[in-house]
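Trainee: Structure below; questions to follow.
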Amino acid sequence: MSRNPLPENEEQRVAMLAEYDLDYADLQASFKGLAELAAKIAGTSVSLVNLIDAYTQWTICSHGIFLEQMPRDESVCQYTILENECFEVKNLSTDDRFKNKYYVSGSPYLNYYFGIPLPSGKGVNMGSLCVMDSQSRTLNDLQVRQLQLIANEIVERLKTYRAMTRLRKTERETKECYKKLARELRDTLSRISSCSADALNDAESDKGDVLITLVRFIEKESRNMTRYVRQELLDRDHPLRQTTILKNDEFNQLVLKEKLEKLYCPQAQSRGLSFEILTDVYTQEVAFSKILLLQLFGNLVSWSLQAAGPGDKMVMSLKLQPTKSGSELHAEVRFKANTDTRESSTVCISLASDLIQTLQGKMERRMKDGYIEVNVCIPQYQK
């Protein structure tokens, strides 16, 4: 059983958050001014913008305190997402739910909390905007209303991020279709060129001057078009394009490794685990689509951390392999299984599976000699 108070629509809520495909570590600049404004309105020393997934509270922006993440069951905001309007605790130090939390019983000795949920629609709350202070206080109606307006602005900005993600996905799908049509055109022109060559041989043997001229023209033009399709439409973006300059919708293995380690190594350490990500030296700088990958691998790693035995080592291996239609991103996660299966929830692994299906990939899980191995394959089509 989870120790977290869970909304009735928890699975829908976590899935909705994953759809936003947010890079939690890169959002500070977008919300910094709003967090600072919230603290100023409330007259508190601390304000946070938090998003909550199945296991973790991700602080995408903070003011007055440095915080990037904490276990969900250590947070106050896990209660805020259960509410429709707000959640307030006048005195954290006397509330049995929070008095033993490290930030209450120790530095910075926070004692007051006021949080507003961040709704994404359909009764789903992604996280919260909260203000906190070491001194108890009372917020008036105007302050509460102003904080609600800030929370609304945060939600609108998050929805803008989601819209941009969907546009990037649509753009990639369009390019994929474009490349498919280009390959079909190339193949058709190649067949025309081949047939023209055969017809030319037949025409030359029959001494048909007009027919020879016509067939030679068709054969020449089909060769020119084939060359154009190959050089301008197909070869320009090779599936294993080596580059050090990534587009906004791209990662390579090194960037993905850096982001996952930054997000999840602290969680691994808190559970007494070591977490290592290995990249393929031959393809580690090759660009591929980043769409939904942080959410996919984030949920996979979160589940693995819960399912892994204490004190063990968890290893993720990344590799990019070329295919006829582009390339495939392969990832393998291996760890020693936790004998206490109650520690592992199925929410994250189910969500990872759904995201893999969305990306038209596949996942395999198997147990071998007490170790769990998870293999993921995500197709990366030519652009």
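Trainee: Looking at segment 95-116, is at least one residue under 29 Å from Met164 (Cα atoms) and at pLDDT 95 or above? Show your work before the answer.
Mentor: From segment 95-116, those under 29 Å from Met164 (Cα atoms) are 115-116; that's our starting set.
With the extra rule that they be at pLDDT 95 or above, the set shrinks to 115-116.
The answer is yes, given that some residue of segment 95-116 is under 29 Å from Met164 (Cα atoms) and at pLDDT 95 or above.
Trainee: Something else now. Answer yes or no as to whether Leu318 is of a type in the set (A, V, I, L, M), out of contact with any Gly (no Cβ under 6 Å at 6 or more places or on another chain) and either over 23 Å from Glu68 (Cβ atoms) or modelled with pLDDT of 95 or more (or both).
Mentor: yes
Trainee: Scan segment 71-103 residue by residue and report those that are open to solvent by 10 Å² or more (accessible area, probe 1.4 Å), touching a helix residue (DSSP H, G or I) at 6+ places or on another chain (Cβ under 7 Å) and in a helix (DSSP H, G or I).
Mentor: Ser93
Trainee: In this structure, does Ala15 turn out to be aliphatic (A, V, I, L, M) and at pLDDT below 95?
Mentor: yes
Trainee: Also, I was wondering about something else. Can you confirm whether segment 330-347 contains a residue that is of a type in the set (A, V, I, L, M), more than 22 Å from Asp53 (Cβ to Cβ) and surrounded by 19 or more Cβ atoms within 10 Å (Cβ to Cβ)?
Mentor: No.
Trainee: Given the criterion under 19 Å from Cys348 (Cβ atoms) and small (Gly, Ala, Ser), identify the matching residue among Ala42, Ala15, Ala38. Show your work before the answer.
Mentor: On the way: Ala42 fails: under 19 Å from Cys348 (Cβ atoms); Ala38 fails: under 19 Å from Cys348 (Cβ atoms).
Testing whether each residue is under 19 Å from Cys348 (Cβ atoms) and small (Gly, Ala, Ser) leaves just Ala15.
Trainee: So, one more: Working only within segment 113-156, note down all residues that are out of contact with any helix residue (DSSP H, G or I) (no Cβ under 7 Å at 6 or more places or on another chain) and of a type in the set (Ser, Thr, Tyr).
Mentor: Answer for segment 113-156, where residues must be out of contact with any helix residue (DSSP H, G or I) (no Cβ under 7 Å at 6 or more places or on another chain) and of a type in the set (Ser, Thr, Tyr): Ser134, Ser136, Thr138.
Trainee: Could you run through segment 15-61 and say how many residues are in contact with a Cys (Cβ under 8 Å, 6 or more places away or on another chain), assigned to a helix (DSSP H, G or I) and either under 13 Å from Val124 (Cα atoms) or open to solvent by 10 Å² or more (accessible area, probe 1.4 Å) (or both)?
Mentor: The qualifying residues number 4.
Trainee: Additional query: Does Ile150 satisfy the criteria of being assigned to a helix (DSSP H, G or I), touching a strand residue (DSSP E or B) at 6+ places or on another chain (Cβ under 9 Å), touching a residue at least 40 places away in the same chain (Cβ under 8 Å) and not aromatic (Phe, Trp, Tyr)? Show your work before the answer.
Mentor: Numbers: assigned to a helix (DSSP H, G or I): yes; touching a strand residue (DSSP E or B) at 6+ places or on another chain (Cβ under 9 Å): yes; touching a residue at least 40 places away in the same chain (Cβ under 8 Å): yes; not aromatic (Phe, Trp, Tyr): yes.
Spelling it out, Ile150 is indeed assigned to a helix (DSSP H, G or I), touching a strand residue (DSSP E or B) at 6+ places or on another chain (Cβ under 9 Å), touching a residue at least 40 places away in the same chain (Cβ under 8 Å) and not aromatic (Phe, Trp, Tyr).
Trainee: Now a separate question. Return yes when Ala352 is touching a residue at least 24 places away in the same chain (Cβ under 8 Å), under 16 Å from the mean Cα position of the chain (by Cα) and not in a strand (DSSP E or B) and no when it is not.
Mentor: The answer is yes for Ala352.
Trainee: Please identify the pairs in which a residue from segment 16-45 that is closer than 25 Å to Lys290 by Cβ has its Cβ atom under 6 Å from the Cβ atom of a residue that is among the polar types (S, T, N, Q), counting only partners at least 6 apart or on another chain.
Mentor: Met16/Ser120; Ala18/Gln295; Asp21/Thr165; Asp21/Gln295
Trainee: Right, another one. Condition (residue is within 24 Å of the chain's Cα centre (by Cα) and within 25 Å of Ala307 (Cβ to Cβ)) applied to segment 28-47: is it met by at least one residue?
Mentor: Within segment 28-47 (the criterion being within 24 Å of the chain's Cα centre (by Cα) and within 25 Å of Ala307 (Cβ to Cβ)), the answer is no, since none of the residues qualifies.
Trainee: For segment 282-300, does any single residue satisfy the condition of being free of Cβ contacts under 8 Å to residues at least 12 places away in the same chain and not charged (D, E, K, R)? Don't jump to the end; show me each part of the working.
Mentor: If we filter segment 282-300 for residues that are free of Cβ contacts under 8 Å to residues at least 12 places away in the same chain, which is where we start, we get 282.
Subset that is not charged (D, E, K, R): 282.
Yes: one or more hits.
Trainee: I've got another one for you. Against the condition in a strand (DSSP E or B) and either under 27 Å from Ile52 (Cβ atoms) or open to solvent by 20 Å² or more (accessible area, probe 1.4 Å) (or both), how does Asn375 come out, does it pass?
Mentor: Here the answer is yes, as Asn375 does meet what is asked.
Trainee: Any idea which residue in segment 144-171 is most open to solvent (accessible area, probe 1.4 Å), counting only those that are within 20 Å of Leu51 (Cα to Cα), of a type outside the set (D, E, K, R) and within 17 Å of the chain's Cα centre (by Cα)?
Mentor: That would be Met164.
The values are calculated or read from the model by the stated rules, or taken from the named source; none is laboratory data. Everything numeric in this text was worked out from a predicted model, so none of it was measured. Note that we place each Cβ from the backbone using ideal geometry, even for glycine, and neighbour counts take in every protein chain shown. Surface areas here come from the heavy atoms of the whole protein model, side chains and all, with no ligands, DNA or RNA. Shrake-Rupley method; radii C 1.70, N 1.55, O 1.52, S 1.80 Å.
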